[in-house]
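> Got a structure for you, written out below as structure tokens; questions coming shortly.
The values are calculated or read from the model by the stated rules, or taken from the named source; none is laboratory data. No experiment lies behind these values; they were computed from the predicted model shown. In this analysis, Cβ positions are derived from the backbone assuming ideal geometry, glycine residues included, and neighbour counts consider all displayed protein chains. Side chains are part of the model used for accessible areas, which takes the heavy atoms of the whole protein and leaves out ligands, DNA and RNA. Shrake-Rupley method; radii C 1.70, N 1.55, O 1.52, S 1.80 Å.
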Amino acid sequence: MHSTDPDRSVPTPRSRTDGTTSWNRGLVTVAWILLAATIGVQIAFPLTGGGTLPLTVASVLLLASASLVHAAATRGVAAAVVLAVVAGGGGLVAESVGVSTGFPFGTYEYTDGLGLKVLGVPVLVPLAWIMMSWPALVVTRRLIRAIGIAGRWARPATAVIGAYALTAWDVFLDPQMVDQGNWVWRYPTPSLPGVADIPLTNFAGWLLVSFLIVATLDLLIRRDESTDTGRAGTDAVPVTAYLWTYFSSVMAHAVFFGRPSVALTGGLLMGLVAIPLLVVEIKGRRAGV
């Protein structure tokens, strides 16, 4: 017997879509909160001489969570799973092989400074690959679109530029972590000009691993935002994360960490991505894009 109660409405495709949109908007808000918390924690780093283990753990967990939540909100839950497996799992494998064999980063070893290890690698490290890979992929895609690269060249260009965007981030990260005693390089020379104690092999290895990770993510995760996120489905979260990392890292190394040469070198190298990105974002805002 069918109900005739007018108050008992059957969900329509439209109402289900509205519910999904609201849910995804909520997730984007959560991603913003996580990013804001990350920034708050990272502001405390200079006050502790470069960071403590609790601050480092909090920073990595918060930003990795922001990346995963944003990926789920704007590209679907499957995208977040792909990000975790490819960036986190891929980073773990690369780091484990690197510690064991010296390939592809060079000969190094982790101390106990970052806590619990899996396969010889601190648990925080694969999480750091997650937190870094998503902003690098997103900002690269935005730059590729702004430049006008399309068709068969879009994916190769994304892999190359994305690998550079991710590696440039490490120009700031590696010196900070080495200074904190979290890992040690056996052969720290030859090094990048201005970035003492970090071998060139490290950045060569980063370019290789980052290329593979970004290329795989770009292949498996759709480029467009989910239609279920509405106007809330913005990529402003990872874009802000990348730009914040750039400007805060330049300032931190120049003023607080005693590494002005790293601030200069990193500012120039990561700036090749961050400054054009900032210009694109400003133009997009003015154009209402």
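> Return the residue satisfying two criteria in turn: it lies in the stretch 50-61 and is among the aliphatic types (A, V, I, L, M), touching a residue at least 40 places away in the same chain (Cβ under 8 Å) and closer than 21 Å to residue 257 by Cβ, and of such residues it is most open to solvent (accessible area, probe 1.4 Å).
Step by step, filter the stretch 50-61, then rank; the result is 53.
> Cβ-Cβ below 8 Å, separation at least six or inter-chain, first residue in the stretch 62-88 and more than 12 Å from residue 32 (Cα to Cα), second open to solvent by less than 10 Å² (accessible area, probe 1.4 Å) and polar (S, T, N, Q): which pairs?
Once the first residue is more than 12 Å from residue 32 (Cα to Cα) and sits in the stretch 62-88, its partners that are open to solvent by less than 10 Å² (accessible area, probe 1.4 Å) and polar (S, T, N, Q) give 74/229; 83/67; 83/133; 86/133; 87/133.
> In the stretch 154-203, which residues are assigned to a loop (DSSP other than H, G, I, E, B) and open to solvent by less than 20 Å² (accessible area, probe 1.4 Å)?
Correct list: 182, 195, 198.
> Quick check, is residue 216 part of a loop (DSSP other than H, G, I, E, B), open to solvent by 30 Å² or more (accessible area, probe 1.4 Å) and under 27 Å from residue 147 (Cβ atoms)?
no
> Scan the stretch 111-150 for residues that are farther than 23 Å from residue 242 by Cβ, open to solvent by 20 Å² or more (accessible area, probe 1.4 Å) and not small (Gly, Ala, Ser) and jot them down.
Listed by number, the residues that qualify are 111, 112, 116, 117, 118, 119, 123.
> Let me ask something else about it. Looking at (1) modelled with pLDDT of 95 or more; (2) open to solvent by less than 70 Å² (accessible area, probe 1.4 Å), which is the one condition that is false for residue 284?
Among (1) modelled with pLDDT of 95 or more; (2) open to solvent by less than 70 Å² (accessible area, probe 1.4 Å), residue 284 violates only (1).
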